[in-house]
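The values are calculated or read from the model by the stated rules, or taken from the named source; none is laboratory data. In this text the structure is predicted, and so the values were computed from the model without any measurement. As a convention, Cβ positions derive from the backbone with ideal geometry for all residues, glycine included, and neighbour counts pool all protein chains shown. Note: areas computed on protein heavy atoms with side chains; ligands, DNA, RNA excluded. Shrake-Rupley method; radii C 1.70, N 1.55, O 1.52, S 1.80 Å.
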Amino acid sequence: GSSWGYHGTVNRGSSLVSFMDQLLQQQKQQQAAAMQVTASSGRADAAAAAARSNGTGLPADVKVVELTYPVDIPEDTTTYFVQYFKLPSNKKYHILRYEPITNSLLLHHGVGYLCNAKAAAAVKAMKSMGPYDRFKHEMKCEEFYMLVAPNGTAYNAPVTAGLPMGTPNSHYLALELHYNNPEGLTGLKDRGSGLRVYYTEKLRPHDIGLITLQQPVLNIPPGLSALKANVSVCPGACTAK
């Protein structure tokens, strides 16, 4: 017919959809497979060399650390895990680049949160660094730091700035990973998703600062013909400081 009809109470379902071109996905998967090197395995130099050869402009002394952890993915529709990591912190460093490592099609996204000094003390007192079920664990760290976006590209810092690491409030990081399993698939594992971080001890002129702006809850009641939302404005007098 010429119009859409109601699907009924039976003909319904769910599916994971990627809006990226299939060929592009294959290319990204091949690139990711070629870059599966870890700092702990002694192949960090290979990761740094590969990044430099790809025209990222990273210096010769760049170091690499991977922040990943394996999990068994439950059949629940939505699952959040969190794992804590001790970051390089014997001195101040600048992060020049970070990129996602994704090894599960069910990974929805991930967020790296910095632990301030108080939170870091709580993390050090824990018996284990994780991973923890986020719904059953009170996460200690709250400051947004880095993002894991499946099929996403790397973040490269401006040439005159770096993301600070190793400062008193950046000794530990909480990496939260969100898995979406609407079909309730069982027996699935993620062998390790997270972040690959490139950093240097040769500091650039400026530190990168982060500000988080968000709409924490968006409630749209049914049956409304229109919805007026409040608009928040951050004036130039504020951002110029």
note = Taking the stretch 166-175 and keeping only residues that are under 16 Å from Lys202 (Cβ atoms) and at pLDDT 95 or above, one is left with none
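Quick one: in the stretch 85-103, which of the residues that are assigned to a loop (DSSP other than H, G, I, E, B) and touching a Leu at 6+ places or on another chain (Cβ under 7 Å) is farthest from Val197 (Cα to Cα)?
So in the stretch 85-103, the residues assigned to a loop (DSSP other than H, G, I, E, B) come out as 87-92, 102-103.
Filter once more, keeping what is touching a Leu at 6+ places or on another chain (Cβ under 7 Å): 87, 92.
Values: Leu87: 10, Lys92: 15 Å.
Among residues in the stretch 85-103 that are assigned to a loop (DSSP other than H, G, I, E, B) and touching a Leu at 6+ places or on another chain (Cβ under 7 Å), the one farthest from Val197 (Cα to Cα) is Lys92.
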query = Just a yes or no: is a residue in the stretch 188-199 within 25 Å of Tyr132 (Cβ to Cβ), in contact with a Pro (Cβ under 6 Å, 6 or more places away or on another chain) and open to solvent by 90 Å² or more (accessible area, probe 1.4 Å)?
reply = yes
remark   = The number of residues in the stretch 119-156 that are over 17 Å from Val197 (Cβ atoms), under 16 Å from the mean Cα position of the chain (by Cα) and among the polar types (S, T, N, Q) is 1
